[in-house]
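The values are calculated or read from the model by the stated rules, or taken from the named source; none is laboratory data. None of these values were measured; they are calculated from a predicted model. Quick reminder, even Gly has a Cβ in these numbers, built from the backbone with ideal geometry, and neighbours come from all protein chains shown.
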Amino acid sequence: MNDTTFAVLGTGGIGRRTLEVSQHKDGLTPVAACDRHGVAMDFDGLDVDELLEATEGNIDSGPGTDGTRGTDASRDDDLETDGGAAASSGVKQHGENAGVVASAQARPSEDPIQEIIDHGDAIDAVLLALPNYEHDFIPRVADRFIAGGYAGVMVDVLKRSRVIGMLDERASAFEDAGITFVCGAGATPGFLTGAAALAAQSFVEVESVDIWWGVGLKSGYEDNRGTVREDIAHLPEYDIDTARTLSEDEIEAIIDDHDGVLEFDDMEHADDVLLERAGICDAEDVTVGGILDVEHDEKPTTTTVSVTGTTFDGETGTNTFELDDATSMAANVNGPAIGYLKTAVCRNRAGEYGVFGPAELMPGF
Ligand code: IKT
C-alpha cells in the first residue's frame, strides 16, 4: 500500500494513542491533529514524540504517582463536550489545559476542524477520535467534511447503536462525495464485532452473540476520562445527557460509590446493528457488557466474545474469542482503528464509497 497520510480529530486518550500506535505501522504518516484549541499540521509528517510529550505534559495531576485519580477536567473531552461549539469559538474555558497548542507544531485556531477540511486534498484518512456525547455529533462532523468537498476515508470509534442509522442516512452523500466511512471501528464495536463475524462462520444460524469486556484503567484513567464518562452514561441511573453534565467531582463520587469497579449490562453498543447489517444475526440477539476497574491496571475479567449457533449438520455450539489479559484497552481500540483505516484507504482508492461496519471489512495490519 502506498503511503497514507492521516489526520486525527481529538487529542484525548484515543487520539494520542492512535498517533503513537501509527509509529509502529508501515506506510502511515500522521499529518494533522486537532482539538478544540488548535491544530498541528505538517505534511512531511508530524513529530509525534514531541506532540505527545507536549500534550501529556499538560496533565496537572498525572496518573499513577500517588495512586489517586487526577482532577484535570479536560483531558479527553476536546472538541466534543460542547458539540464542537468551542472548536469554533476558540474560547478557552476556566481551568482548561492548553491541549494540542502546547505542542511547538500547533497553533491556536478559531475552527480547527475546518482547517483540516480545507487541507483535505492532502489527507487520505481522518480518524474521529471523539467520544460522541451528543448522538449526532459525529454525523454532524461528517456533514462538514461532505460540505467541504472532502473525498477520502473517515473512521470513527463511536459506541452507540442509534448513530449507525444516522450515518446510513448519509450513505448516498458519502458516495457522491467519494468518502469511505467506517463506523464503530474501536474495540466494541469494532474489533470484537469483527471477531464475532469470524466466529459466526461455523454456523448457518446464529442464536446469540455475547460480548463481555474487562478494562483496568488505573494508570490510563487520566487519558480516558471521556471514555469513562461515556461508560457512566450506560449505568441505569444515567443517560447521555445527565452523564454529559456531570462535573469531574461527581464522576469521582460515582466511581467511589462503586469502590472503583463499575459493571455494565445491556449496553447500547452498536455491535448489535453492525452485526445485523452484515447479515449475521438480529440486533436483539446481541448483548454487550463489561467491567471497568479504575483502581487497577489488570483487567477485572477476560474480554470474551461468545457466538452461539447451529451448524449446517445440526450441531449447536459456542465459538469463543478471547483477548489476552495482558493486552490493554489502548492496544485493542487503536490497533483495530488503524487496521480498519488501512483497509478503508484501499477500498477508497479502488473507488468504493459509502458506509461500512467492522463486520464487513477485514482490518489491515
Ligand atoms: C471501546 O472503547 O471500544 C469500548 C470500551 C471497552 C473496550 C474493550 C477493550 C477490551 C480489552 O482491552 O480487553 C468501553 C466500553 N468504553
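Annotations for the structure displayed:
- Residue within segment 319-339 that is outside the structural domain of Phe181 (by the TED database), more than 16 Å from the ligand (Cβ to nearest atom) and either modelled with pLDDT of 95 or more or not hydroxyl-bearing (Ser, Thr, Tyr) (or both) present: yes
- Residue in segment 278-290 that is touching a Pro at 6+ places or on another chain (Cβ under 9 Å), among the hydrophobic types (A, V, I, L, M, F, W, C) and over 30 Å from Asp26 (Cα atoms) present: yes
- Filtered residue count, segment 317-334, keeping only those that are polar (S, T, N, Q) and part of a strand (DSSP E or B): 3
- Residue in segment 259-279 that is farther than 27 Å from Gly226 by Cα, aliphatic (A, V, I, L, M) and out of contact with any Gly (no Cβ under 9 Å at 6 or more places or on another chain) present: no
- Residue check for Ile240: in contact (Cβ under 8 Å) with a residue 40 or more places away in the chain and in contact with a strand residue (DSSP E or B) (Cβ under 8 Å, 6 or more places away or on another chain): no
- Residue match in segment 169-177 (condition: at pLDDT 95 or above and closer than 19 Å to Gly15 by Cβ): no
- Residues in segment 308-355 that are among the hydrophobic types (A, V, I, L, M, F, W, C), under 20 Å from the mean Cα position of the chain (by Cα) and farther than 23 Å from Val21 by Cα: Val355 only.
- Among the criteria (1) hydrophobic (A, V, I, L, M, F, W, C); (2) assigned by the TED database to the domain that holds Ser208; (3) crowded, with 16+ Cβ neighbours inside 10 Å, the one Phe312 does not fulfil is (3).
- Taking every residue in segment 341-358 that is farther than 18 Å from Arg170 by Cα and pairing it with any residue that is among the charged types (D, E, K, R), at least 6 positions away or on another chain, the pairs with Cβ-Cβ distances below 8 Å are Lys342/Lys25; Val345/Asp124.
- Scanning segment 137-150 for residues that are surrounded by 18 or more Cβ atoms within 10 Å (Cβ to Cβ) and either closer than 10 Å to Val355 by Cα or hydrophobic (A, V, I, L, M, F, W, C) (or both) turns up Phe137, Ile138, Val141, Ala142, Phe145, Ile146.
- Candidates Gly184, Gly149, Gly165 - the one that is over 13 Å from the mean Cα position of the chain (by Cα), at pLDDT 95 or above and assigned to a loop (DSSP other than H, G, I, E, B): Gly149
- Annotation note: Cβ proximity below 6 Å between a residue of segment 186-203 that is over 16 Å from Ala129 (Cα atoms) and of a type in the set (Val, Ile, Thr) and a residue that is modelled with pLDDT of 95 or more and within 12 Å of the ligand (Cβ to nearest atom) (sequence gap 6+ or interchain) occurs for Thr193/Asp271; Thr193/Pro358.
- Filter result for Gly152 (within 11 Å of the ligand (Cβ to nearest atom) and either in contact with a Lys or Arg (Cβ under 7 Å, 6 or more places away or on another chain) or in the same structural domain as Ile116 (by the TED database) (or both)): no
- The combined condition, being surrounded by fewer than 17 Cβ atoms within 10 Å (Cβ to Cβ) and away from the ligand (no atom under 13 Å from the Cβ), is fulfilled by Leu198.
- Tabulated pairs, segment 281-304, first assigned by the TED database to the domain that holds His258, second among the aromatic types (Phe, Trp, Tyr) and more than 10 Å from the ligand (Cβ to nearest atom), C-beta under 6 angstrom, 6+ apart or interchain: Val294/Tyr221
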